1. Of all residues in segment 9-26, how many are exposed (fewer than 14 other Cβ atoms within 10 Å of the Cβ) and either hydroxyl-bearing (Ser, Thr, Tyr) or closer than 19 Å to residue 67 by Cβ (or both)?
2. Would you confirm, using the coordinates I've provided, whether residue 133 is farther than 16 Å from residue 66 by Cα, touching a residue at least 24 places away in the same chain (Cβ under 8 Å) and within 21 Å of the chain's Cα centre (by Cα)?
3. Among the residues of segment 41-56 satisfying the criterion of being over 26 Å from residue 26 (Cα atoms) and either touching a His at 6+ places or on another chain (Cβ under 9 Å) or in a loop (DSSP other than H, G, I, E, B) (or both), which is most open to solvent (accessible area, probe 1.4 Å)?
Amino acid sequence: MALPAAGEVGMFADLHAQRVGVQAHHAIGNVDLTGAAGLQKLPGGKSNVFGNLGAQAHHTVGKIDFHAGAGLQKLPGKPDVFGNLGAQAHHTVGKIDLHAGINAALHPGMKPDVVSNVGAQIRQTSGNKDFHAGVSVAGRPGEKPVLSGNVGVQGGGKHVSWFANAGAQGRPGEEAQPVV
């Protein structure tokens, strides 16, 4: 579910999560303000009203993107306050995009949920086709990392575009899950 463009209000329907609602997005400088409200169908025929308000700041220094945010989410029971802080570095060598990052998600009274990642993505363009392949590793301290890889192609003409993408992800020693 993508955010509406800055300064817009949009409606959304997420059939997989059985949610409908409205969301707003407004940018002020390097800060994105967001809010949403809606209704979600729960198991057993019950419904839940949900909502959230938040702000996310981002700033780029050279090839490093820094981000920090905070928000409030209405859940069944009491509201949940959350925050995050992190950085993502990216560097291109020829046709290979390298990336590495770390993010900490924060909830009051809980240990921060720290996730780091490192990976590479290669792109090659031929005529009206763009081929790509990549691999990345993401993980939390004390857990096996999640390895993922993908290959794909996309192309098209003046009025038609098409794409195909396939990949897999999983932890070492476990069965990989296909991603299409």
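The values are calculated or read from the model by the stated rules, or taken from the named source; none is laboratory data. All values reported here derive from a predicted model rather than from experimental measurement. Here the Cβ positions follow ideal geometry from the backbone for every residue, glycine too, while neighbour counts run over all protein chains shown. Surface accessibility is based on the protein's heavy atoms, side chains included, excluding ligands, DNA and RNA. Shrake-Rupley method; radii C 1.70, N 1.55, O 1.52, S 1.80 Å.
1. Residues that pass the stated criteria total 0.
2. Working: farther than 16 Å from residue 66 by Cα: yes; touching a residue at least 24 places away in the same chain (Cβ under 8 Å): no; within 21 Å of the chain's Cα centre (by Cα): yes.
Considered against the rule, which asks whether it is farther than 16 Å from residue 66 by Cα, touching a residue at least 24 places away in the same chain (Cβ under 8 Å) and within 21 Å of the chain's Cα centre (by Cα), residue 133 comes out as no.
3. 46
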